[in-house]
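Peer 1: Please read through the structure below; I'll follow up with questions.
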Amino acid sequence: ILDEHGYGQYRLVVEEISSVEAFPGPSVFLPLLADPRWPHFSAAYEYHLGDRALTHAAAVSFGESFSLVRFHVNAHSDVDIGIHAGVFALFDLGSPSFDLLNADYLVGLPIAYRNRKFSVLFRGFHQSSHLGDEYLLRHSIPARVNLSYEALDFVASYEWPWGIRTYAGAGYIVHKEPDLKPIITQGGIEWLGLEDGRLQFITQNLAPLSRFKVRPVVAVDVKYHEEGGWAGDYSPRIGVQLSSGSTRNFQLLLEYFHGKSPNGQFYVNNVESVGIGAHLPF
């Protein structure tokens with residue numbers, strides 16, 4: 001582009017769209033830290049308030065969200081195709097043999113997209129729920145529910161300055177047993193403190209923690225189910241995260257839950273619990 005004096009400027013833009021990476025590691029969509037049904041490895045103690053049938057419980061999960069292939073669209077955008085799977089189990093710690101009460105199985109095919117600080121997850125998944133065999137041997141046998149469904153959902157997320165992240169999404173149950181009202185909405189906010197923040201300054205002189213990066217964590221997840229009358233399931237968590245430079249980290253969190261039970265066989269029950277959990281997300 002020449003100006004009136006004959007001097008010019010030029011700009012060269014080069015973008016490559018052909019890069020494909022197999023088994024790239026963690027998904028470009030970060031885990032939802034307070035979602036009770038996000039697949040990851042965890043173990044938590046729960047104290048159930050006002051529940052005559054269950055007071056002391058352990059909630060355990062196994063699973064992850066794995067990226068199988070990543071398409072590098074350009075310098076700022078990536079698309080992941082992967083697998084999303086988890087098992088969620090609930091145990092009665094007040095029984096003589098810590099009876100297994102419920103086990104939920106989830107498997108899905110997620111497509112994740114990221115452009116700088118914005119990311120979105122599209123997912124189709126199946127979930128089924130089963131009563132524990134020891135629970136079925138009790139004298140008072142509950143009515144079993146053959147809860148099984150397939151659903152489509154999406155969650156959009158944005159990472160703001162100062163470690164703040166917000167997200168929102170919705171889902172629709174396309175096939176279900178028994179007949180469930182199909183619409184689900186979800187939203188939340190997370191705050192992950194800086195690696196060189198005040199908490200890191202305090203812990204760097206403590207021998208057991210000096211080798212780790214210690215960051216405070218605060219997260220709240222909220223879900224509204226049409227099946228539950230839009231009453232809301234609230235899951236706030238607060239605690240610390242320890243990491244050592246790898247993609248893995250360890251989180252120790254105080255937890256609270258209020259709403260319809262996330263455990264499939266008891267989805268009609270209202271639950272209020274407090275507890276403490278250890279979590280290992282990517």
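Every number here is computed from the coordinates shown, using simple stated rules; none is lab data. All values reported here derive from a predicted model rather than from experimental measurement. Every residue, glycine as well, gets a Cβ built from its backbone with ideal geometry; the counts of neighbours run over all protein chains shown.
Peer 1: Sticking with the crude label model, points 7 Å out along Cα→Cβ, report the distance from residue 145 to residue 47 in nm, one decimal please.
Peer 2: 2.7 nm
Peer 1: With a point put 7 Å past each Cα toward its Cβ, work out how far residue 126 is from residue 274 in nm, to one decimal.
Peer 2: 4.1 nm
Peer 1: So, counting K/R as plus one and D/E as minus one, what does the shell of residues with Cβ under 14 Å around residue 165 add up to?
Peer 2: Taking every Cβ under 14 Å from that of residue 165, the sum is +1.
Peer 1: Viscosity 0.890 mPa s, temperature 25 °C: Stokes-Einstein D of segment 22-62 from its Kirkwood Cα radius, in µm² per second?
Peer 2: The calculation lands on 192 µm²/s.
Peer 1: So if R0 is 35 Å, what FRET efficiency would residue 254 and residue 111 give, r being the distance between their Cβ atoms, rounded to the nearest 0.05?
Peer 2: Calculated transfer efficiency: 0.55.
Peer 1: Any chance you could tell me what percent of the C-alpha pair distances in segment 67-190 go past 19 Å?
Peer 2: Distances greater than 19 Å cover 63 percent of the Cα pairs.
Peer 1: So if R0 is 25 Å, what FRET efficiency would residue 136 and residue 60 give, r being the distance between their Cβ atoms, rounded to the nearest 0.05?
Peer 2: On the way: r = 19 Å, r/R0 = 0.77.
In this case the efficiency is close to 0.85.
Peer 1: At 0.36 nm per residue, and after removing the present C-alpha to C-alpha distance, how many nm does the segment from residue 230 to residue 177 gain when stretched out fully?
Peer 2: Net length gain for the segment: 17.1 nm.
Peer 1: I want to check the label-to-label distance for residue 170 and residue 95. Put each point 7 Å from Cα in the C-beta direction and report it in nm to one decimal.
Peer 2: The answer from the label model is 4.0 nm.
Peer 1: Could you size up the charge dipole of segment 28-143 around its Cα centre, putting +1 on the beta carbon of Lys and Arg and -1 on that of Asp and Glu, and report it in debye to the nearest 20? Kindly include the intermediate steps, with their values, before the conclusion.
Peer 2: Values: 8 positive and 11 negative charges, 118 e Å.
Here the size comes out at about 560 debye.
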